[in-house]
Amino acid sequence: MTKLLPGVLAMAAVVVASNILVQYLLGSWLTWGAFTYPIAFLVTDVMNRVYGAGPARKVVFVGFVVGVICSFIGTQIIGEFGPLVTLRIAIGSGTAFLIAQLLDVSIFDRLRAGKWWRAPVVSTLVGSSVDTVLFFTIAFSGALTFLEPANDVSWAGEVLPLLGMGPEAPLWVSLAVADWMAKLTLALIALIPFRVLVTKLSPSVA
């Protein structure tokens, strides 16, 4: 377990930081958390490459538990418009994280024998896409109001031009697309630290 400690601590730090930074807007469509959360995929992929799928899943479950704790704390903090974390956001966040990260681990493991960049790119792109769809749909889609009837998310359903310039779509869809684009961009940038970290931690598998 000692060898996994750096990964566990890194994942916990990413989850905590993202839960805090998601409260702060960056422009019209993003929060600062959109730039820290994708690092979770980097952590998972490095652990997968160096130690294997099993240890990587253990790190994912630690991140999930930390996320649940953060969500619970957030539900107890009352802001201007109610709890900082609603039940739907908590469910969406936990579900999206666990499914997307475990999918990332599985895809990476299947592609590990290929070129060094293929596994982290494909697994992160698929995982990030699934994460975005699950979170924003569960947290804000009007079709899932039954999950938390008392939580008014009608603001997220306001129909506006996509990202302010495209076809009309619910606001939450623009938020999801912007988040997804940020994740994809960071997935490509993360190839550099991925290569550096893997080479340092285990030169034989780099």
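The values are calculated or read from the model by the stated rules, or taken from the named source; none is laboratory data. All values reported here derive from a predicted model rather than from experimental measurement. Positions of Cβ are backbone-derived with ideal geometry, glycine not excepted, and every protein chain shown enters the neighbour counts. Heads up: the accessible areas ignore ligands, DNA and RNA and are worked out on the full protein's heavy atoms, side chains in. Shrake-Rupley method; radii C 1.70, N 1.55, O 1.52, S 1.80 Å.
General remarks:
- The residues of region 145-154 that are under 16 Å from residue 87 (Cβ atoms) and outside any loop (DSSP other than H, G, I, E, B), listed by number, are 145, 146, 147.
- Residue 7, sole failed condition from (1) touching a residue at least 12 places away in the same chain (Cβ under 8 Å); (2) open to solvent by 40 Å² or more (accessible area, probe 1.4 Å): (2)
- Contact annotation: residue pairs with Cβ atoms under 6 Å, 6 or more positions apart or on different chains, pairing a residue in region 170-182 that is within 15 Å of residue 24 (Cβ to Cβ) and modelled with pLDDT of 95 or more with a partner that is of a type in the set (S, T, N, Q) and assigned to a helix (DSSP H, G or I), are 179/132.
- Any chance residue 134 is open to solvent by 40 Å² or more (accessible area, probe 1.4 Å) and at pLDDT 95 or above: yes
- Selection count, region 41-87, where residues are in a helix (DSSP H, G or I) and either in contact with a Pro (Cβ under 7 Å, 6 or more places away or on another chain) or over 30 Å from residue 117 (Cβ atoms) (or both): 14
- You will find that of 106, 129, 123, 174, the residue that is closer than 30 Å to residue 78 by Cβ and of a type in the set (Ser, Thr, Tyr) is 174 and no other.
- Filtering region 155-174 to residues that are in a loop (DSSP other than H, G, I, E, B) and within 19 Å of residue 135 (Cα to Cα) leaves only 158.
To keep it simple, each residue is scored yes or no on (1) more than 23 Å from residue 36 (Cα to Cα); (2) assigned to a strand (DSSP E or B); (3) more than 13 Å from the chain's Cα centre (by Cα); (4) without any contact (Cβ under 8 Å) to a residue 40 or more places away in the chain.
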position	(1), (2), (3), (4)
110	yes, no, yes, yes
119	no, no, yes, no
131	no, no, no, no
137	no, no, yes, no
143	yes, no, yes, yes
185	no, no, yes, yes
194	no, no, yes, no
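- Single residue of 57, 49 found to be of a type in the set (D, E, K, R), surrounded by fewer than 20 Cβ atoms within 10 Å (Cβ to Cβ), within 20 Å of residue 128 (Cβ to Cβ) and touching a residue at least 24 places away in the same chain (Cβ under 8 Å): 57
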